[in-house]
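Here is the structure we will look at, set down as structure tokens.
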Amino acid sequence: MRTDPLARAVARTSACTAVLLACFAGPATAQSITAVSYGGSYQKASTEAWYEPFTAATGIRVAVEDFNGGLAQIRAQVEVGNVYWDVVDLNASEVTVACDEGLLEYIDEELLPAGTDGTPAAEDFAPGTLSDCGVGGVVWSTIYAYDTSRFPGARPETIADFFDLEKFPGRRGMRRVPMVNLEFALLADGVPAEAVYALLDTAEGLDRAFRKLDTIKDQVVWWEAGAQPPQMLADGEVVMSTAYNGRIFNAQMLENQPFAIVWDGQVLDINQLAVVAGTPRFEEAMRLVSFASTTEALAALGRRISYGPSRASAAPLITTHLETGVEMGPHLPTHPPNLARALRRDWAWWVDNQDALNERFSAWLAR
């Protein structure tokens, strides 16, 4: 069960202060912690931008494990008192749920490092990217992409085009979850971004979203892991697919795939770094969170994969892609022209509704 929030915060304050003061004081006695992330290109970028420089600065080794999200493994570790994950990269809604369940440690934002210009963390991080148990990492989005070689004439330009089988025939890839798919459906059906969640909060709105999904259901190939959409496109299994924008960027830049991203209707999300409750390596874990949340570390990540930084001071430092020299700005979900057509995912709404909608979505798939 969850311990009293104030009691836990007080108990950890002295340790946190010592940890963050020591974070850049030089190498420490060699130790090891485990960081958990999503694998693939994002994990590679995180390792190069965060974990390896952290080890060089502190002497603390970082073992990296990958997963596909979710709280089951964290919950199991905390409940049996055998915590072997230390720092976990989670999306904001997962952090909210896990924090409420007492699965994560509290993090005092006042103890996080200031920006390079001296701006306090609480002011430098974008609204909503800091929470009781999470520190903002990257801003990413779910977009849809297509193979340009499959469209010699007119090409998809809007989220509505994804659902237009007459104009753009062919199979579509979508993640096998209701989250984002329901938002895409309403956006494609003409609902303004600012009205999407108010409509989803009604029975009529949910019915409308599922009816829109019905129009392409028999042409959908469902995916579950982020590596699948680029492969599905490359193999010709689908002509277009929803995907994480960073996965498509890497396929474009590093694999020379002829893919194009449609930013219209992108659904923005954030990831946060969190510390698993009860880890015996709490101080080392907090040092890693502090290190990875610096201006320089977030900018270093943004130069390796096309995810935007969660703090303002890092944005000007994200210039070109380290490996190819490509200007990163137009490839970031936070680039102003891309942002203008975005929907920001309502994490709180999904926390309240996810279980019921998972059940409805599974029943809909089975029909």
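Coordinate-derived values only; no laboratory data. Note that the coordinates shown come from a computational prediction; the quantities given were computed from them, not determined experimentally. With ideal geometry, Cβ positions are generated from the backbone for all residues, glycine too; neighbour counts draw on all protein chains shown.
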So, for the Cα atoms of the chain, Rg and Dmax in Å stand at 20.8, 64
Amide H proximity to Gln266 below 5 Å, modelled H, separation 5+ or other chain, gives Leu343
Whole-Hz Karplus couplings 3J(HN,Hα) for region 91-96, θ = phi - 60° and coefficients 6.51, -1.76, 1.60, Gly and Pro as x, run 6, 4, 5, 5, 4, 4
Counting only backbone N atoms under 18 Å from a point 7 Å out along Cα-to-Cβ of Ala234, the residues of region 130-148 in range are 145-148
The answer for GluC sites (Glu not before Pro) in region 169-243 that fall in a DSSP coil and have at most 10 neighbouring Cβ atoms within 10 Å is Glu224
Here the gain from full extension of Ala195 to Asp117, 0.36 nm per residue of separation minus their alpha-carbon distance, amounts to 24.4 nm
With a Förster distance of 30 angstrom and the Cβ-Cβ distance between Asp214 and Asp100, calculated FRET efficiency to the nearest 0.05 equals 0.30
Expected unfolding gain across Asp66-Ala340 under the 0.36 nm per residue rule, minus the alpha-carbon gap, is 95.4 nm
For the chain, whose charge dipole is built from +1 on Lys and Arg Cβ atoms and -1 on Asp and Glu Cβ atoms, the candidate among Ser310, Phe151, Trp140 with its Cα farthest towards the positive end is Phe151
Here region 234-244 yields Karplus 3J(HN,Hα) values (6.51, -1.76, 1.60; θ = phi - 60°; whole Hz; Gly and Pro given as x) of 5, 7, x, 5, 9, 8, 8, 8, 5, 6, 7
Under the helix-only model (-39500 (n - 2.57) for each DSSP H run of 4 or more, divided by the residues of the chain), the mean residue ellipticity at 222 nm, to 500 deg cm²/dmol, is -11000 deg cm²/dmol
Residue by residue through region 306-320, the couplings from Karplus 6.51 cos²θ - 1.76 cosθ + 1.60 with θ = phi - 60°, in Hz, x for Gly and Pro, are 7, 10, x, x, 8, 10, 4, 5, 7, 4, x, 8, 8, 9, 10
Taking R0 as 25 Å and r as the Cβ-Cβ distance between Thr320 and Glu296, the FRET efficiency 1/(1 + (r/R0)^6), rounded to the nearest 0.05, comes to 0.95
For Arg247, Arg208, Arg345, Arg150, ascending order of other Cβ atoms within 10 Å (fewest first) is Arg150, Arg208, Arg345, Arg247
Given backbone amide H placed at 1.01 Å from N, residues whose amide H is under 5 Å from that of Val138, ignoring those fewer than 5 places away on the same chain, are Asn271
For the pair Glu224 and Glu204, the simple spin-label estimate (label points 7 Å beyond Cα toward Cβ) gives in nm 3.8
